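A short worksheet on the structure shown next.
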Amino acid sequence: MPVDSFKYLPRSIAAYFQTLRVDRADPIAWTPLSKPLDECRFGLVTTAGIYDMERDPPFDADREKRQPLWGDPTYRRLGRGVVEGQIAASHLHINNRDILADVNIVLPVDRFAELEGQGVIGSLAAENYSFMGYQPNTIEWRERYGPEVAGLLKDEAVDAVLLTPV
Amino acid sequence: MLAQTFEEAGLSTVLVTMMPFWAEKIGAPRTLGVEVPFGHPLGMPGDREMQMKIIGAALSLLGETRGPGVMSEVEVEWPQPSDEARKDWQPLEASPIIKMMRDQAQARAQERRQET
């Protein structure tokens with residue numbers, strides 16, 4: 001059965017997404033996978049608004065509360081060994097409880113470490129990245145922070161990225 | 001959005017989303033759709049098997065040569081009843097934008113009452 005994108009959405013939010021106009025990427029950018037999975041280095045990127053409390057400050061939720069049409073466009077780094085107790089979340093549009101209980105539902109560091117151990121993938125990068133998904137305006141993602149994270153991933157010789165928008 | 005930027009930089013991406021409708025609309029390079037509540041793209045907390053099933057499907061899609069704009073789906077059984085899951089992912093406190101829209105709607109309703 002096809003995935004129903006609106007199954008778990010309140011009607012008002014579903015209607016918002018159904019009528020929202022957006023420019024479709026043209027052409028859609030495309031980088032074919034350059035080598036077999038078991039030779040690829042993977043990076044993980046989520047927009048769950050999580051961060052490592054021991055390394056980074058939260059996303060700026062206070063400013064969003066003052067300016068509801070603004071969302072913090074910056075990003076945070078999460079090491080591959082990050083564990084649940086180090087992680088906090090500043091995403092005001094979801095209940096963060098399940099993510100804080102098991103970060104693998106958005107940033108699967110443990111699952112990819114297992115896949116690395118089994119030889120299914122080549123390796124998992126040392127650093128992974130988190131954005132905060134509420135972005136009424138995506139200019140800064142497009143022009144600054146997206147290319148910056150792409151550069152950091154390339155610096156680590158990453159071939160492929162698993163993206164989990166939240 | 002980020003997928004486009006990463007692909008332009010020479011990274012292959014696969015997007016795992018509960019909103020394939022939206023991914024198709026914006027033209028994501030590779031999309032795996034999965035019917036789960038918001039905030040749970042890779043499944044239930046603590047459910048390693050469900051997480052691996054979704055990740056496995058995402059990895060298979062990465063090898064696809066059909067793209068760009070290729071879409072696939074993976075079926076998972078969500079263990080909560082739909083009504084409960086629909087409430088459970090939402091923030092305990094309404095988000096700033098939802099609050100603002102509610103306030104505006106209330107103000108408009110009040111204006112209408114005063115006019116009549």
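Near A:G71, the amide H atoms lying under 5 Å from its own belong to A:N137; only residues 5 or more places off or on other chains count, and H is placed 1.01 Å from N.
As a size descriptor, the averaged projected area of the C-alpha convex hull of the protein assembly as shown was calculated at 15.6 nm².
Remark: the A:V22-A:R55 segment gains 8.3 nm on full extension, using 0.36 nm per residue and subtracting the alpha carbon distance. Of the residues B:L59, B:L92, B:L42, the one that moves most in a GNM of chain B with alpha-carbon contacts below 10 Å is B:L92. Of all DSSP bridge pairs formed entirely within chain A, close to 45 percent run antiparallel.
Considering only B:R86, B:R30, B:R102, the mean-square fluctuation computed in a Gaussian network model of chain B, springs between alpha carbons under 10 angstrom, is largest for B:R102.
Model label points for A:D62 and B:S82, set 7 angstrom from Cα along the Cα-to-Cβ axis, are 4.2 nm apart. Other protein chain C-beta atoms within 10 Å of residue C-beta, averaged over A:108-117: 3. Taking a point 7 Å out from the Cα of A:I139 in the direction of its Cβ, none of the residues of the range A:26-70 has a backbone N less than 11 Å from it. Label positions at A:Q118 and A:K35, each projected 7 Å from the Cα along the C-beta direction, are separated by 2.1 nm. Build a GNM of chain B with springs between Cα atoms under 10 Å apart, and of B:I26, B:I98, B:I54 the one that fluctuates most is B:I98.
On the beta carbon distance between B:R102 and B:E49, with R0 = 35 Å, the FRET formula returns roughly 0.30.
Rule-based calculations on the coordinates, nothing more; no lab input. What you see is a predicted model; the values in this text were computed from it and never measured. Positions of Cβ are backbone-derived with ideal geometry, glycine not excepted, and every protein chain shown enters the neighbour counts.
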